[in-house]
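Below is one structure, written out as structure tokens; comments come after it.
The values are calculated or read from the model by the stated rules, or taken from the named source; none is laboratory data. Predicted model only: the values in this text are computed from it and were never measured. No Cβ is skipped: glycine too gets one built from the backbone with ideal geometry, and neighbour counts run over all protein chains shown.
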Amino acid sequence: MLIQLSAVFAVISTAWACADGDGHVHEHPRRANPSSPLTPPTRPLEWGDINIIHTTDSHGWLLGHQKASFPEPNYSGDLGDFASFVSHMKKIAVEKDVDLLLVDSGDLHDGTGLSDGYPPGGVDGHETTKFLAELPYDVMAIGNHELYVYADTLDMHLNLAPKLNGRYLSSNVNITLADQNNNTVDVPVGSRFAKFKTQKGRTVTALGVIYDFTGNDQNTTVQKVEDMVKESWFLEAIKDEPDFFLLAGHMPVSRDNWPLVFNAVRAVHATTPILILGGHTHIRDCLQLDGRSMSLESGRYMETVGWMSTSLDGTNGSNNLTFSRRYLDTNRVTYEYHTQENQASFDTKKGQAITAGLLQLAVDFDLNFTFGIAPHDFTLTRAPYPSNDSQLSLFAELATPYALSVNNSRANNPNYMLVNSGSQRFDIYAGTFTKNDQLTASPFTDIFFYIPEVPLSVALDTLQIMNENGSENRKRSLGREEELYRRGDVRARYMDWLSEMGQRSIDLGRRDTNNLTLGYVTTDSCPGVGDDIIHTPLPFYSIPDFIASIPPDVSNDTLIDFVFVDFVVDQVVETLNIVQSDKEYVSGDVGTYSTLETSEVLGIYAQFAWN
């Protein structure tokens, strides 16, 4: 059932011309009563002796999802709302005389303008991390996006870890520093483990493990999980039996190495409860490795807040424990329902202060600068490619050709432009297209290269073979996908999850869904229904690995400029030599077509086409 509640998302904007006189518009949004109806939860959470609120892969989405098109309103709560929710839940835990922990599994960086839109000379996520530190996290674990740039890792070590008093965990991640004698030393970014007592006096041994990540920057070190569990410090840390083990980490709960950690603990403590909070693949997932453990993964981009609970049976217990888990949509309707608060009583002073601070940060970073008004939604996987509603079509067929034609001496030459579809990270929704939207939709900073005088037919064949090779590689072996995964690319696993969700909806038919809003529909390995709110599944269309502009209206043997992003230079040159034999192409044939970055393309196009 849909109900209209005034505590849901909405934004009212006031706009004014910028004082610099160029006529562009800045917007300063403020929260207001909503116009979008949201579905409330239908059942209370199940509380136990131990209860955990879990976040992961927030990637800077601390002001919530503020677009009107569904499913975005489902995730419209901001970090201030979440802080108020946590505060009320803590009070409920006291009233119930139980423990409630707050845990995060990493990836605070790279995703929105709040984290990535900092002025030159700044550090990614430095400002947003300050707001996260305002929440009463019991444990936080490091993610791979804290490790791509040394400055980000150092910021975590110097500024976040001290605020968590030993509970920012990086069990298998080190950073290289200079000591007081200017000698280099390797130290954990945070702490290898933590031992503490809960509010109710229960003993906890916590670890913070990252998967076997290989894309980290110089002067950071990620130890393989299989080697970590053999370390003397690890064996010493798990020797004494706590009331439960809390294994938080940036590693998916399925198809990865959590069993290595789990089995190492089980070899010493056969029945001690083990609670695993994972992340990284951006999906909702749950499984139980045995009857006295549960593993939970809670989505991405502050779209999901995870809930886990269990009741303990004492140190000598050996029977299966009763666990519950829930995936909460992150909005005020959800939060008010589970705290039994209303619009007037829900906000706490700290929550309001965090919201105000984040809004001010958006102003400081000029994130509300508006390039234009998107005429409708453009989505990555909910519309077929190519189509008018496809963001990939928008980027490859319209935005990139226009943006590269501006102030380009080669613009009059016929060209064909190839881009990897993974360069596009998030949907574009109808309405204002801002600097923040530009950073969320297309965040990468690749520039454009080209090879001149390539026959059009050869360029067309190159795209076809590159896409076929990508598909065949996935069918033939997991080698390339696994390599990308180790470097941090989770798109394949997230897409597989969306595809399975879409296929299930087709298999079941779309019956009895007329009153449901779009959203995630989760099937996992744990008993019962995990989703807090029932949705109709998101439509899903598969997308190719590579996309391209519309071919110029010339004959196939016409020599054109073959343009592509620097991310795929080696693959393009290799494929050119597969599809033809008239010329042996080498990297020396590649020149710079434009220093424009892919992250700038949509903004330039929007200023031209959407005003």
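Taking residue 424 as the residue in question, decide whether it is at pLDDT 95 or above and assigned by TED's automatic domain parsing to the domain that holds residue 92. Before you say what the answer is, go through the steps one by one.
Details: at pLDDT 95 or above: yes; assigned by TED's automatic domain parsing to the domain that holds residue 92: no.
Considered against the rule, which asks whether it is at pLDDT 95 or above and assigned by TED's automatic domain parsing to the domain that holds residue 92, residue 424 comes out as no.
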Please verify whether the range 212-220 includes one or more residues that are in a loop (DSSP other than H, G, I, E, B), β-branched (Val, Ile, Thr), over 23 Å from residue 55 (Cα atoms) and touching a residue at least 40 places away in the same chain (Cβ under 8 Å). yes
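Kindly check whether there is at least one residue in the range 578-588 that is of a type in the set (Gly, Ala, Ser), closer than 24 Å to residue 421 by Cα and assigned by TED's automatic domain parsing to the domain that holds residue 408.
Looking for residues that are of a type in the set (Gly, Ala, Ser), closer than 24 Å to residue 421 by Cα and assigned by TED's automatic domain parsing to the domain that holds residue 408, one finds at least one in the range 578-588, hence yes.
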Examine the range 178-185 for a residue that is aliphatic (A, V, I, L, M) and within 23 Å of the chain's Cα centre (by Cα), and state whether such a residue exists. no
Set 230, 239, 163: member being more than 22 Å from residue 489 (Cβ to Cβ), touching a residue at least 24 places away in the same chain (Cβ under 8 Å), assigned to a loop (DSSP other than H, G, I, E, B) and in the same structural domain as residue 57 (by TED's automatic domain parsing): 239
Could you run through the range 250-265 and say how many residues are under 15 Å from residue 227 (Cβ atoms) and in a strand (DSSP E or B)? 0
Hey, residue 254 surrounded by fewer than 18 Cβ atoms within 10 Å (Cβ to Cβ), in contact (Cβ under 8 Å) with a residue 60 or more places away in the chain and in contact with an Asp or Glu (Cβ under 8 Å, 6 or more places away or on another chain) or not: yes
Given the condition assigned to a loop (DSSP other than H, G, I, E, B) and modelled with pLDDT of 95 or more, answer yes or no: does some residue in the range 461-477 qualify? no
Of the conditions (1) assigned to a helix (DSSP H, G or I); (2) in contact with a strand residue (DSSP E or B) (Cβ under 9 Å, 6 or more places away or on another chain), residue 454 fails just one. Which one is it? (1)
Do you know which residues across the range 186-211 are among the polar types (S, T, N, Q), loosely packed, with under 15 Cβ neighbours inside 10 Å and part of a strand (DSSP E or B)? 203
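For residue 165, state whether it is surrounded by fewer than 18 Cβ atoms within 10 Å (Cβ to Cβ), out of contact with any Asp or Glu (no Cβ under 9 Å at 6 or more places or on another chain) and either charged (D, E, K, R) or over 30 Å from residue 350 (Cα atoms) (or both). First the steps, then the outcome.
Working: surrounded by fewer than 18 Cβ atoms within 10 Å (Cβ to Cβ): yes; out of contact with any Asp or Glu (no Cβ under 9 Å at 6 or more places or on another chain): yes; either charged (D, E, K, R) or over 30 Å from residue 350 (Cα atoms) (or both): no.
Against the criterion (surrounded by fewer than 18 Cβ atoms within 10 Å (Cβ to Cβ), out of contact with any Asp or Glu (no Cβ under 9 Å at 6 or more places or on another chain) and either charged (D, E, K, R) or over 30 Å from residue 350 (Cα atoms) (or both)), residue 165 does not qualify.
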Restricting the range 342-377 to residues that are in contact with a Phe, Trp or Tyr (Cβ under 8 Å, 6 or more places away or on another chain), over 15 Å from residue 134 (Cβ atoms) and not polar (S, T, N, Q), the one surrounded by the most Cβ atoms within 10 Å (Cβ to Cβ) turns out to be 371
Sort through 125, 111, 106, 117 and tell me the only one that's more than 23 Å from residue 249 (Cα to Cα) and either of a type outside the set (S, T, N, Q) or assigned by TED's automatic domain parsing to the domain that holds residue 357 (or both). 117
Checking residue 76 against (1) free of Cβ contacts under 8 Å to residues at least 40 places away in the same chain; (2) in contact with a strand residue (DSSP E or B) (Cβ under 9 Å, 6 or more places away or on another chain), which test does it fail? (1)
Scanning for something within 30 Å of residue 281 (Cα to Cα), touching a residue at least 40 places away in the same chain (Cβ under 8 Å), out of contact with any helix residue (DSSP H, G or I) (no Cβ under 9 Å at 6 or more places or on another chain) and of a type outside the set (D, E, K, R), does the range 543-554 turn up at least one residue? no
Would you mind stating whether residue 327 is surrounded by 24 or more Cβ atoms within 10 Å (Cβ to Cβ) and more than 19 Å from the chain's Cα centre (by Cα)? no
For the range 289-303, name all the residues that are crowded, with 20+ Cβ neighbours inside 10 Å and assigned to a loop (DSSP other than H, G, I, E, B). 292, 299, 300, 301, 302, 303
